């Protein structure tokens with residue numbers, strides 16, 4: 001009987017821990033999607049000011065510009081912590097955030 005209660009408590013703990021982990025990941029994903037959407041919405045103004053730079057975007061209105069993605073990453077990791085920012089190359093159009101992959105694979 002005691003073994004069964006202990007087993008149920010472990011299952012409950014694992015379920016709650018897993019649920020909290022998923023919830024945290026969903027919150028981070030939503031936040032990063034919102035930051036990217038903010039970039040798209042403000043892209044025209046940002047390009048006028050920062051064209052060709054790498055932008056660190058945090059908290060929707062906090063923008064820092066750098067000449068290299070490496071410098072941007074070092075600054076952002078130190079300033080905001082991983083998972084709390086995006087780094088976006090600032091250029092007109094969708095070329096800086098769209099990739100197309102081609103393959104010669106044929107499905108029959």
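Return a yes/no flag: does region 26-46 have any residue that is loosely packed, with under 13 Cβ neighbours inside 10 Å and part of a loop (DSSP other than H, G, I, E, B). No, region 26-46 contains no residue that is loosely packed, with under 13 Cβ neighbours inside 10 Å and part of a loop (DSSP other than H, G, I, E, B).
Just one of (1) free of Cβ contacts under 8 Å to residues at least 24 places away in the same chain; (2) over 18 Å from the mean Cα position of the chain (by Cα) fails for residue 47. It is (1). If the condition is being without any contact (Cβ under 8 Å) to a residue 12 or more places away in the chain, over 13 Å from the mean Cα position of the chain (by Cα) and surrounded by fewer than 14 Cβ atoms within 10 Å (Cβ to Cβ), then region 80-100 contributes 93, 94, 95, 98, 99, 100.
Only the coordinates and a few stated rules stand behind these numbers; no lab work does. This structure is a prediction, so every number in the text was calculated from the model and none was measured. In this analysis, Cβ positions are derived from the backbone assuming ideal geometry, glycine residues included, and neighbour counts consider all displayed protein chains.
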